[in-house]
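**Student:** I have a structure I would like to understand better, so I am pasting it below and will then ask my questions one at a time.
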Amino acid sequence: MAFSILVCIKAVPDLVSHGDLTIAGRWIDETAIGWCMNHYDAHALEAALAIRDAAADVTVDALSAGPDRIRDTIRRAVAMGADTGIHLDTDSAERLAPATTARLIARFARTRAYDLILTGAISEDEMHGVTGPMIAAALDLPCAAAAVEIQLDLPGRSLVATCEMEGGMAEIVRLPCPALVTVQTGCRVPRYPSLSNTLRSRRQAIERIVPPETADHAPPAETRHVAYPQPASACQVIQGTMTEKADTLLRLFNDNGWLK
């Protein structure tokens, strides 16, 4: 029994290999940075690949919406093991509002009748955490958020998701498929691309989908101000010998009333 999974991924600024961000106007200077897969989306992709590893006749498509710069991130998903990479080409470097992204993905997903859609719980750049539930709402699908584990019941066409809650608690829900689940970082570490899949990702064409011009767009997100965070507190380095440091530390404790 065939089962198809769509994983939605996003390209975000790569701060690990490209250092600090530079503010340019009301946003960051995007010309001086690289792009990588959103960490939460990598966990969603790993969850999909784990399901495929455990069950027969499961296919995994990885989709990303945006301009041409996201294609390397899509190839990364194929190198990790996705069967197909799909580029939902918005033909614009403008940052899309979450509602617009959700509508574009929902419009595409409706034509493919996926059994399961996975997204990351949040994105590392803007931290909205709403795109996945908005896709579910647009497609009228049951939705579970912040799942740390997904168990698929393929004969029953359903799944059980263990979702993270506050205070160390977890919620376990059963959803009929088709469904949408947003994935939190959990017990599985996203796999590294294998050599065979890396070679395949270089040869395999990325499917390019151009949304119709009549697609429903929400107003673009407007950034009012960007600034570096102010330091929360000052740090004082105590100099001197061990005895002098101890005397200084004791005096600071007395002056601030920390010994009461």
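Here, each number is a calculation from the coordinates, and none is a lab measurement. This structure is a prediction, so every number in the text was calculated from the model and none was measured. Methodologically, a virtual Cβ is constructed for each residue, glycine included, from the backbone with ideal geometry; neighbour enumeration extends over all protein chains shown.
**Student:** Would you mind listing how long segment 3-209 runs along its three principal axes, going by Cα atoms, in whole Å with the largest first?
**Tutor:** Projected onto its principal axes, the Cα set of segment 3-209 covers 51, 42, 31 Å.
**Student:** Putting +1 on Lys and Arg Cβ atoms and -1 on Asp and Glu Cβ atoms, find which of N38, M1, A246 reaches farthest to the positive end of the dipole of the chain.
**Tutor:** M1
**Student:** May I ask you to evaluate 6.51 cos²θ - 1.76 cosθ + 1.60, the Karplus curve with θ = phi - 60°, for each residue of segment 178-192 and list the ³J(HN,Hα) values in order in whole Hz, giving x for glycine and proline?
**Tutor:** x, 8, 10, 10, 8, 10, 8, 4, x, 7, 8, 8, x, 6, 7
**Student:** What order do you get for 100-109, 181-190, 242-251 when each peptide is scored by the mean count of other beta carbon atoms within 10 Å, highest first?
**Tutor:** 100-109, 181-190, 242-251
**Student:** How far, in nm, would the chain grow between A55 and R174 when pulled straight, counting 0.36 nm per residue and subtracting the alpha carbon separation?
**Tutor:** 41.0 nm
**Student:** To make sure I understand, if each residue's beta carbon is the centre and we count other beta carbons within 10 Å, what order do D91, D61 fall in, fewest to most?
**Tutor:** With the fewest neighbours first, D91, D61 line up as D91, D61.
**Student:** Could you give the nm distance between label points at L195 and L250, where each point is 7 Å from its Cα heading toward the beta carbon?
**Tutor:** 6.5
**Student:** GNM, the chain, Cα, under 10 Å: largest mean-square fluctuation among V210, V16, V237?
**Tutor:** Among V210, V16, V237, the largest GNM mean-square fluctuation belongs to V237.
**Student:** For the ranges 164-173, 129-138, what's the packing order if you count other beta-carbon atoms within 10 Å of each residue, average per peptide, and put the highest first?
**Tutor:** Most protected by this proxy first, the peptides run 129-138, 164-173.
**Student:** Give me the extension gain from R69 to I238: residue separation times 0.36 nm, minus the current Cα-Cα distance, reported in nm with one decimal.
**Tutor:** Additional length available on full extension: 56.0 nm.
**Student:** By per-residue mean of other Cβ atoms within 10 Å, what is the highest-first order of 46-57, 21-32?
**Tutor:** 46-57, 21-32
**Student:** Hey, another quick one. Counting only the backbone N, which residues of segment 126-153 are under 14 Å from the spot 7 Å out from the Cα of I209 toward its beta-carbon?
**Tutor:** 135-136, 139
**Student:** So what is the 222 nm mean residue ellipticity for the chain from helices alone, if each DSSP H run of at least 4 adds -39500 (n - 2.57) and you divide by all residues, rounding to the nearest 500 deg cm²/dmol?
**Tutor:** The per-residue figure over the chain is -9000 deg cm²/dmol.
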